[in-house]
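Each remark here refers to the structure printed beneath this line.
The values are calculated or read from the model by the stated rules, or taken from the named source; none is laboratory data. What you see is a predicted model, and the numbers here were worked out from it, not measured in a lab. Cβ: placed from backbone, ideal geometry, glycine included. Neighbour counts: every protein chain shown.
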Amino acid sequence: MLTSRALRIFALGIFLAATLATTGCQSRAASAEKLLAQGEYEKVIAKYPDLEVAQRARAKMADKLLQEKKYDVILKQYADTRAAFQAKIGMADQAFKDGKYQMVIDSFPSTPAATSAKAKIADSLYQAGKYDELVARFGDTPQAIQVKEKLAADELDQAKKLRGEAKKLALEQITKKYPGTNSYKEASTMLADIRAKETAKKK
């Protein structure tokens, strides 16, 4: 059995240990905050990785690198920070300026630069008369839509000159190949009319 004096000493020991532990935690946090305020982000990350302040230091470090345009470092070491998104945009913009349009589309598809890169390649294909490639690769660009409208209109003109089953097949091809175009709408209406007449004949 412990005497009351021994119990008091034991309790005091626990209290002192707890106090030292708390003080130690507080001093670590205070030291980390001090380093952060001094801009010593890398020291904070290295010495106090388990503290919340380390996450803030990572974000600050990434922002600093962003200002220095060290995009590749951010994406490799600080991919979990908000600066990483800005770094992707920065890299995409730089690649676009360098004329690496396909790389922008492949590596940074969700950036504004990717939209501009698509337009650049689509325009080149349009100017070169590579309409099939243009429509296949960049079907949603204004140039491709213009081409689809023209090709659909030409095919519709040819279909109108046909008769019977040949005309029906040509119209069906137009509705399959050129959805969303003005000619698609007209071809669909003509097809519906032909089918209605076929149904009426069977009755």
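Below is a table of values for the structure above.
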{"read-out": "Residue in region 47-59 that is assigned to a helix (DSSP H, G or I) and closer than 30 Å to Phe138 by Cα present", "value": "no"}
{"read-out": "Selection status of Asp157, over 24 Å from Val135 (Cα atoms) and free of Cβ contacts under 8 Å to residues at least 12 places away in the same chain", "value": "no"}
{"read-out": "Residue pairs meeting the criteria (Cβ under 6 Å; at least 6 apart or on separate chains; first closer than 13 Å to Arg56 by Cβ, in region 16-42; second at pLDDT 80 or above and of a type in the set (Gly, Ala, Ser))", "value": "Leu36/Ala57; Tyr41/Ala57"}
{"read-out": "Wholly enclosed helices (runs of 4 or more DSSP H) of region 120-191 bearing at least 1 residues within 23 Å of Ile105 (Cβ to Cβ) and under 30 Å from the mean Cα position of the chain (by Cα)", "value": "131-137, 142-160"}
{"read-out": "Given (1) buried (at least 17 other Cβ atoms within 10 Å of the Cβ); (2) under 20 Å from the mean Cα position of the chain (by Cα), index of the condition Lys76 fails", "value": "(1)"}
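Rundown of residues vs (1) small (Gly, Ala, Ser); (2) within 24 Å of Gln94 (Cβ to Cβ), yes/no style:
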| site | (1), (2) |
| --- | --- |
| Phe108 | no, yes |
| Thr111 | no, yes |
| Ser116 | yes, yes |
| Asp132 | no, no |
| Ala136 | yes, no |
| Gly139 | yes, no |
| Gln143 | no, no |
| Gln146 | no, no |
| Lys150 | no, no |
